Amino acid sequence: MPRDVRAGGHSGPVAERVAVLNARYKHHSATAVLEHALKDDDLGRVALVSSFGAESVVLLHLVSVIAPETPVLFVDTRMLFAETLDYQRDLAEKLALCDIRTIRANPARVGFEDPDGTLHQFSTDACCNVRKVEPLERALSTFDGWITGRKRFQNSDRGTIDFFENEGDFRIKVNPLAHWGREDLEEYMVENRLPRHPLVAKGYPSIGCAPCTSAVKPGEDPRAGRWRGQAKTECGIHFIDGKAVRTPKESAA
């Protein structure tokens, strides 16, 4: 059943609030969505969740300009590329963000589920769950919604996302860059002289944990290097119709 009382004290079914927000901001730009929605009572208290990946700097910069006090949650799975950790520290220093929080899994949980660090070889879903999904869910428990960098062009599963989504009838997901294309991101980074993730130049247009991310060949889907050879397309932190997404949408029951 939908929760009517929100973590931050806001009321009303999530589905209704999402419908109102999408109608209200339907013709707005990404900047306007951030500028107004972050102060909209129908949205409530939100955090930006960032992987500090290939395209993350655009949304991080927008938030730093519009609402630098917005909490930024960075999930360190302890299996990230060294380049990602260096990039995260670099951006944290350069951008005027006031509240960056590094989120990690409970060591006892990791020790029990993945004592030798090889869980990803046998069950990528279980590895993602203990290292990313559970810690993020814990961190988001006091928020009414969260901001993501998801965009329609990234793959077919994301082709119809709106600015606002109902996440399982308990939280709102905000996708301000939903309608941006790859050229929009490139233009924004060039115009604002934003630093790039060092792995992008090495053929990594989408970057996750090191063991499960590979370089992408020209012409491939930008996310083809994520869990290559598996049906899995998402880590599980995103939802479709209230269910965690770990396989392509058409096969989700």
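With both labels modelled 7 Å from their Cα along Cα-to-Cβ, the ALA19 to ALA201 distance reads 5.0 nm. Sorting the segments 162-169, 46-53, 63-70 by their mean number of nearby beta carbons within 10 angstrom, highest to lowest, gives 46-53, 162-169, 63-70. Site pair ALA126 and ASP40 shows an inter-label distance of 4.1 nm when each label is modelled 7 Å from Cα along Cα→Cβ. The calculated FRET efficiency for ARG78 paired with SER141, based on their beta-carbon distance and R0 = 30 Å, is about 0.90. Here the calculated FRET efficiency for ASP86 and ALA108, from their Cβ-Cβ distance with R0 = 25 Å, stands at 0.35, rounded to the nearest 0.05. Maximal additional length on extending the VAL65-ASP221 stretch stands at 53.1 nm, based on 0.36 nm per residue less the C-alpha distance. Using a Förster distance of 25 Å, how high is the FRET efficiency between GLU93 and ALA210, based on the Cβ-Cβ distance and rounded to 0.05? Once the sixth-power term is evaluated, E becomes 0.65. Leaving out ligands, DNA and RNA, what percent of the accessible area of the stretch 93-198 is carbon and sulfur, probe 1.4 Å? The nonpolar share, carbon plus sulfur, comes to 49 percent. Over the stretch 30-172, with a single point scatterer placed on each C-alpha, what log10 of the ratio I(q)/I(0) does the Debye formula yield at q = 0.18 1/Å? Values returned for q = 0.18 Å⁻¹ are -1.19.
Which pairs, out of LYS26/LYS232; LYS39/LYS94; LYS26/LYS173; LYS26/LYS151; LYS151/LYS232; LYS94/LYS217, put more than 23 Å between their alpha-carbon atoms? Pairs exceeding 23 Å: LYS26/LYS232; LYS39/LYS94; LYS94/LYS217. Calculated accessible area for the stretch 50-110 comes out at 42 Å² per residue, all protein chains present (probe 1.4 Å; ligands, DNA, RNA ignored).
The values are calculated or read from the model by the stated rules, or taken from the named source; none is laboratory data. This structure is a prediction, so every number in the text was calculated from the model and none was measured. Because the Cβ atoms are built from the backbone with ideal geometry, glycine has one as well, and the counts that use them run over all protein chains shown. Quick note on the areas: whole protein, heavy atoms, side chains included, nothing else; ligands and nucleic acids left out. Shrake-Rupley method; radii C 1.70, N 1.55, O 1.52, S 1.80 Å.
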